[in-house]
Amino acid sequence: MSSKTIFILNGPNLNLLGKRQPEIYGHDTLEDVERNCAAVAAEAGFEVALFQSNYEGGIVELIHRARDEACAIVINPGAYTHTSIAILDALNAFEGPVFECHISNVHKRESFRHHSYVSLRADGVMAGFGVEGYALCVRRACSVLAG
Ligand code: DQA
């Protein structure tokens, strides 16, 4: 795992970030997220690659790709957080640090959002920090990777 690239993976509906329920998810887009995270990573000598898929299998395949191409994963699996054992299994096959990021505070919302399969693997969990949470996860990933 010699890569200096942190994968930022996003699940279903997050392609609509900035347009979808802005009262919950804000006005920033995934492009804004990528730009902010890239700046934070660059300060520590890392880079980021951001992906989004509306398909569970698409996210699983991106996690497989991370095995060869990424040193850490920041993941917002969207609604799959609460349902996907397949994503948990894929993350368990990734050796680097994993940080789970939710824009909203899922614990303040419906009870079906309170359980996360991904948290069984995540080294850290961010919820309710808006899109800033992604950059905070990237910062943490950089410091963990730097040892
Ligand atoms: C989310 C929270 C999930 O419950 C929801 O299904 C999402 C986004 C968040 O970022 O707050 O799609 O992961």
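The values are calculated or read from the model by the stated rules, or taken from the named source; none is laboratory data. All figures in this text were calculated on a predicted structure; none of them were measured in a lab. Glycine also receives a Cβ, built like all others from the backbone with ideal geometry; neighbour counts cover every protein chain displayed. Accessible surface areas use protein heavy atoms only, side chains included; no ligands, DNA or RNA. Shrake-Rupley method; radii C 1.70, N 1.55, O 1.52, S 1.80 Å.
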Leaving out ligands, DNA and RNA but keeping every protein chain, what accessible area does residue 47 have, in Å² rounded to the nearest 10, with a 1.4 Å probe? 110
For the chain, what's the relative contact order in percent, using C-alpha pairs closer than 8 Å and at least 6 residues apart? 28
Compute, for the range 41-128, the length of the dipole vector about the Cα centre, with Cβ point charges of +1 (Lys, Arg) and -1 (Asp, Glu) only. Units Debye, rounded to 20. 380
Enter the accessible area per residue of the chain (Å², integer; probe 1.4 Å; all protein chains in place). 49
Segment residue 83-residue 65, extension gain: residue separation times 0.36 nm, minus the distance between their alpha carbons: 4.3 nm
Tell me, Kirkwood radius of the range 5-146 from alpha-carbon pair distances, in Å? 14.7
Please work out the FRET efficiency for the pair residue 5 and residue 114, using the Cβ-Cβ distance as r and a Förster radius of 22 Å; give the result to the nearest 0.05. 0.10
With residue 115 itself left out, Lys, Arg at +1 and Asp, Glu at -1 over residues whose Cβ is under 13 Å from its Cβ give 0
Using alpha-carbon positions, what is the distance between the centroids of the range 100-147 and the range 1-55, in Å? 13
Run the 1.4 Å probe and let me know the accessible area of residue 109, rounded to the nearest 10 Å². 50
Asserting the computed 222 nm helical MRE of the chain (DSSP H runs at least 4 long, -39500 (n - 2.57) per run, divided by residue count, to nearest 500) equals -11500 deg cm²/dmol
Accessible surface of residue 83 in the full protein assembly, 1.4 angstrom probe, to the nearest 10 Å²? 90
Carbon and sulfur atoms account, in whole percent of the 1.4 Å probe accessible area of the range 5-146, for 49
